[in-house]
Amino acid sequence: MSDSSRLTELAKQIADNTKIVDEYTRANGISLGFSVDSTAAFPSDAPAEVLEARRIVKEATQELNDLVTGPAEHLRWLACRYHDLSSLRWIYHFNLFSHVPLDQAITFEELASNAGVDAVQAKRILRHAMTNNIFHEPSAGKVAHTADSALLVRERGVRDWVGYTTEESFRNAGKLVEATEKWGSSNRFDQSAYQVAWDTDLPMFEHLGKFPERAERFANTMTDMTSTDGYNIRHLVNGFAWESLPEGSTVVDLGGSVGHACVAIAEKARSLQFVVQDRPEIVSQGEKQLEEISDEQIRNRIKFQAHDFFTDQPVHGAAVYLMRFILHDHPDSEAVDILRKLVPALKNGSRIVIMDGVMPEANVLPKSEERTMRIMDLEMMTTFNAKERERADWEHLYSVADMRLKLKSVERPVGSAQSVMEVVFEDEKAAL
Ligand SMILES: C[S@@+](CC[C@H](N)C(=O)[O-])C[C@H]1O[C@@H](n2cnc3c(N)ncnc32)[C@H](O)[C@@H]1O
């Protein structure tokens, strides 16, 4: 059956919803464009109907593009998308972005000489990247920044994200088949594509700990993720009633990285105290970044503590133990160990707030939201042999770890790729 009526339907959806987005951006001084002075990020706090219209435009344009391209052309060129990453990686690795001024074009030769790379290679790489709106050629032989390439200069978080994904995730993903060939369906966390890609027996975080610059880049990537649509930190801040906790309550953030989640919660819940736990090298980085926060009221309520969550939890009786993006990094046996090391620190009624993906059935979520979650699932597979769990997997995990851990609620805030799960420890006899 012909899809021609679908084409017209999509075109109408695009026109109608683009109008909503356009009216909002004009009224709010948001400039969507490719030039360096364009708005870098669509406001995540835009009204819900505008965010919904934007989602429809994104999905409908993608579908329309794929339909008019046709399956044969689509599949062939989809299979060549690796060069989107290979050119971006080259640009990142050789720091090309930092050698182009933000306010003027320079010749390919000048850029190559400043960056210490070959001019002919640089021109070929850049001209490919330009087809993705990363840099442009305003006049023959000259290169200038676009909004995308300028972000690599201006925003450390985006730069580190691009560095982590192109230098590390891309490398891991390229070894997924080899890992399956080698270890079959193993779900040991030291038998993933990561170990093949980096020729190591160590699990990812232990291995990363040996390379301080890579560990720092990973932590910055995690912070940067809190600005994305699906993983925006507002979903955690608004997804649990932090202000309803008794005044002065303590929140312990296990594997809390450099403290970005606690800082965001502390901005809203002004009476809570926080302990951010992580590996020692990350704790040092977090302490340094905390010093840079100007609001003393926030700074004074956040403490860092080096703690390995595979060992006994040292902070007993906290109101909430938070784990965001932790259990999904671990196959079931390790996830159970992490929970069991926490249990002795819990009192009756203690809460564990777990923020992670809860995978839907196929075709339940809008495609763009499902895609983000599926990307994360494969990221877990390649890096840790772990996975994004379905609700039944989560329930099973908690009950295997300890029958007294009861899953009370699962909420997925609108637009969030993660859900907030509240697990309560129910044991009348539990001693502190
Ligand atoms: C995927 S990141 C999540 C960070 C943060 N919770 C967030 O939501 O962005 C996982 C974190 O767990 C930390 N981590 C890994 N193994 C750990 C361990 N054995 N003990 C404590 N922290 C660990 C990592 O250093 C990293 O900061």
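The values are calculated or read from the model by the stated rules, or taken from the named source; none is laboratory data. None of these values were measured; they are calculated from a predicted model. Methodologically, a virtual Cβ is constructed for each residue, glycine included, from the backbone with ideal geometry; neighbour enumeration extends over all protein chains shown. Note: areas computed on protein heavy atoms with side chains; ligands, DNA, RNA excluded. Shrake-Rupley method; radii C 1.70, N 1.55, O 1.52, S 1.80 Å.
For residue 183, the solvent-accessible surface with a 1.4 Å probe is about 60 Å², rounded to the nearest 10. Taking one quarter of the surface of the convex hull spanned by the alpha-carbon atoms of segment 204-341 gives a direction-averaged projected area of 8.3 nm².
Explain nothing, just the number: dipole magnitude of the chain about its Cα centre with +1 on each Lys and Arg Cβ and -1 on each Asp and Glu Cβ, in debye rounded to the nearest 20.
Numbers: 48 positive and 67 negative charges, 29 e Å.
Dipole magnitude for the chain comes out near 140 debye.
Fully extended, how many nm does the chain gain between residue 124 and residue 234 (0.36 nm per residue separation, minus their Cα-Cα distance)? Mind showing how you got there, number by number?
Working: separation 110, 0.36 × 110 = 39.60 nm, distance 4.07 nm.
35.5 nm is the gain from fully extending residue 124 to residue 234.
Taking all protein chains as they are arranged and a probe of 1.4 Å, the heavy atoms of residue 422 leave approximately 40 Å² accessible to solvent.
Mean-square fluctuations from a GNM of the chain, with a 10 angstrom spring cutoff on Cα atoms, peak among 104, 285, 305 at 104. With 0.36 nm allotted per residue and the present C-alpha distance subtracted, the residue 12-residue 77 stretch has 20.7 nm of extension available.
Provide the FRET efficiency to the nearest 0.05 for the residue 66-residue 429 pair, computing r from the beta carbons and using R0 = 60 Å. Write out the running numbers ahead of the final one.
Values: r = 59 Å, r/R0 = 0.98.
In this case the efficiency is close to 0.55.
For segment 216-309, trypsin sites (Lys or Arg not before Pro) meeting the loop criterion (DSSP other than H, G, I, E, B) and having at most 14 other Cβ atoms within 10 Å: 270.
Take the residue pairs 303/341; 341/429; 347/406; 288/341 and return only those whose Cα atoms are more than 23 Å apart.
On the way: 303/341 21 Å; 341/429 18 Å; 347/406 13 Å; 288/341 28 Å.
In this structure, 288/341 exceed 23 Å between Cα atoms.
Placing one equal scatterer on every Cα of the chain and applying the Debye formula, the log10 ratio I(q)/I(0) at q = 0.12 Å⁻¹ is -1.18. Listed by chain and number, the aspartates and glutamates whose C-alpha is less than 18 Å from the C-alpha of residue 408, apart from same-chain residues fewer than 8 away, are 356, 390, 393, 395, 422, 426, 427, 428.
How about residue 19: which aspartates and glutamates have a C-alpha closer than 18 Å to its C-alpha, ignoring those fewer than 8 places off in the same chain? Hits, sequence-local ones excluded: 9, 49, 52, 59.
With both bridge residues required to lie in the chain, what share of the DSSP beta bridges run antiparallel, to the nearest 5%?
45 percent
Candidates 166, 183, 194 compared by Cα position along the dipole of segment 156-224: farthest toward the positive end lies 166, with charges placed on Cβ. The gain in end-to-end length when the residue 294 to residue 211 segment is fully stretched comes to 26.9 nm, 0.36 nm per residue minus the alpha carbon separation.
In the elastic network of the chain, a GNM with C-alpha springs shorter than 10 Å, the most mobile of 309, 42, 218 is 42.
Within straight-line reach of residue 367, meaning a Cα separation under 17 Å, sit the following lysines at least 8 residues removed in sequence or on another chain: 58.
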